Amino acid sequence: MTDDRKLKNFVEKQINFDNVNVEFKVEFRDRKNKKVYVLTENEEDYQLERKIGNKSFRTDLNSIEELKDQENLSDEDKEIFSKLFERLNNKQVDKISIGGLRLRNQILSNSIAQPILANVSNKMSKEQKKELYILWKRDKKEEFRERLYEIVKDLVTQMLTEKLAETDDLPSSIFPTSIAVDKAPNYYIFEPPEAYTLSTKIELFNKLANSICGRCGQSIYGLYVSEEWVKEILKEDAPDFYNVDIVRISGVLKGKKRNEELRRFRNQNRPFEYLFYFLDKVLQEMYRRNIIPEFHVELFVIEGVGGGKKFFSHYIIPNLNEIFYKLYHGDDKYYDGISKIKHLISSFLVENWNIDDDLKKNNSERAHARINRLLYHIFCHKRLDMDSILFLEDLKIKLGDSAPILFLEEVISWM
C-alpha cells in the first residue's frame, strides 16, 4: 500500500462526524477604520456581528426583513449587512465554520490534528463552499453530509501529507525521548539529528492512531500495544478504545464511592497509573492462558488539555516479560482472583483510606504523584522506589488510616 493510501485510510478511520454542526459566513472588513462585519447563517437563524476597534455588537435575526428594525445599527451598518445578505443569497460564501470536527483518537485530536482541523475551511475552494451551501439550502442533508465528509477527508489528508513531508524531523513534539519521570523529556536528538522517511513518520502516526486513549483531569494518555489480540482482553471494560473510563478499567476503588471521590480519582490519575491498570488486566489474563508477553508498550502523554501550552511525553516500556515473571507469573501472585500488586496499589490510594474527606481532598494529588513514581520505577527500571513506599506509608499513618497495606513485604521480596 502506498504512503498516500495509508494516510487516506488513516484519515477515513479517524474523522469523527458524529457531532458536526455547520455555519456559513460572509464578511466585510474595513482595515483602515478597524471595522469588521460578519453575517452567519446556521440552521436556526442569522447572526450579525459588528466589531469596531475593541467594541463589538451582536444580534440574531430570523430574516433579512428584520434588519430595518435594528435600532442599534446605523444606516451605514444596515447597508453593509444588506450587501452581505445579498452575497449570501448569491452563494458567495467566505467561510464555512465546522464545529465539533475532531479525530476519534484524543491524543491525535489534541496535538497534531488540532491546527489541521482548524484550517480545513480556509483550504476549501470557492467552488466547494458554493457547492456545499447549495446542497445545504436545498435541504439535501444526506448529500450535503456525504459531500462535506469527502471534502474534509481529502483536505485533511492533503494537509497531513504536507505537514509530514515539510521537515526531516517529526512535525510535533509528541515524540520526545523521555528519560525520567521527574525530568524534562529530551524532545529531540541532535547528535546525530533525527531524520525520518515519510513511511516511518506514517508508522509512528499509526501507533498514535491505534493507541488506547483516556482522559484524566487535564491530561490525555494513550497506550500503544503492538498485539491486537490484547484489545480483546480489554474489550469488556473498554468498549471505546478512544475514550476509556479509567474508573471502570482500574477496579481499585473499594466499596461504594461518592461522586466526589470518583471525580477526584479520575482527575488525579497519572500516566503510569493509567498504564498499570491496563497492563494488570492483560498480564493476569496472560498468566491464565500460559502466554509470555514478548512485546513492548508505548505510553503517550499530553498534559494541559485545551488552550495554552501543552506538555508532551512519550515512553517506551520494553521487556514486559521481566515484570510478568516478577509480579504475575505464579499462583502465589494472586489473592481472591486479583493480583497482589493491584491489592498493594489499592492500599496506597487516598480514596480508599478511612479518613476525613477534606484530608483526602488535600492529600490526593501528592499521593497519586508518589504512586505514579512507584509504578514508573517498576515498569521502566524493574525495581521498587522505596522512597515512594516509605512516603505513602508515613502519609497513611499521619492521616489516621489504620488499615494494613496489603502484600507489601511479598511484593518487595519479588522485586
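All of 148, 160 fail the test of being in a helix (DSSP H, G or I), at pLDDT 90 or above and either in contact with a helix residue (DSSP H, G or I) (Cβ under 8 Å, 6 or more places away or on another chain) or closer than 27 Å to residue 298 by Cβ (or both), apart from 148.
Which condition does residue 154 not pass, out of (1) more than 21 Å from residue 109 (Cα to Cα); (2) modelled with pLDDT of 75 or more, if it passes all the others? Residue 154 satisfies all of (1) more than 21 Å from residue 109 (Cα to Cα); (2) modelled with pLDDT of 75 or more except (1).
Check whether at least one residue in the stretch 223-243 is within 19 Å of residue 350 (Cβ to Cβ) and either buried (at least 21 other Cβ atoms within 10 Å of the Cβ) or without any contact (Cβ under 8 Å) to a residue 24 or more places away in the chain (or both), and report yes or no.
Residues of the stretch 223-243 within 19 Å of residue 350 (Cβ to Cβ): none.
Looking through the stretch 223-243, none of the residues is within 19 Å of residue 350 (Cβ to Cβ) and either buried (at least 21 other Cβ atoms within 10 Å of the Cβ) or without any contact (Cβ under 8 Å) to a residue 24 or more places away in the chain (or both).
What strands (runs of 3 or more DSSP E) lie completely within the stretch 5-98 and have 1 or more residues being loosely packed, with under 14 Cβ neighbours inside 10 Å and within 37 Å of the chain's Cα centre (by Cα)? Strands (runs of 3 or more DSSP E) meeting the threshold: 21-30, 55-61. Of the residues making up the stretch 328-346, none is more than 24 Å from residue 267 (Cα to Cα), out of contact with any strand residue (DSSP E or B) (no Cβ under 8 Å at 6 or more places or on another chain) and buried (at least 21 other Cβ atoms within 10 Å of the Cβ).
Which residues, taken from the stretch 397-415, are in a helix (DSSP H, G or I) and in contact (Cβ under 8 Å) with a residue 60 or more places away in the chain? Can you show your working first?
Here is the first cut: in the stretch 397-415, the residues in a helix (DSSP H, G or I) are 397-399, 408-414.
Hits for the stretch 397-415 are 408, 410, 411, 414.
The single condition among (1) at pLDDT 90 or above; (2) within 17 Å of residue 132 (Cβ to Cβ) that residue 100 does not satisfy is (1).
Within the stretch 114-131, the set of residues being touching a residue at least 12 places away in the same chain (Cβ under 8 Å) and either surrounded by 14 or more Cβ atoms within 10 Å (Cβ to Cβ) or in contact with a strand residue (DSSP E or B) (Cβ under 9 Å, 6 or more places away or on another chain) (or both) comprises 116, 117, 120, 121, 122, 123, 124, 128, 129, 130, 131.
The values are calculated or read from the model by the stated rules, or taken from the named source; none is laboratory data. Nothing here was measured: the structure is a model prediction, and the numbers come from that model. So basically every Cβ, Gly included, is an ideal-geometry build from the backbone, and we count neighbours across all protein chains shown.
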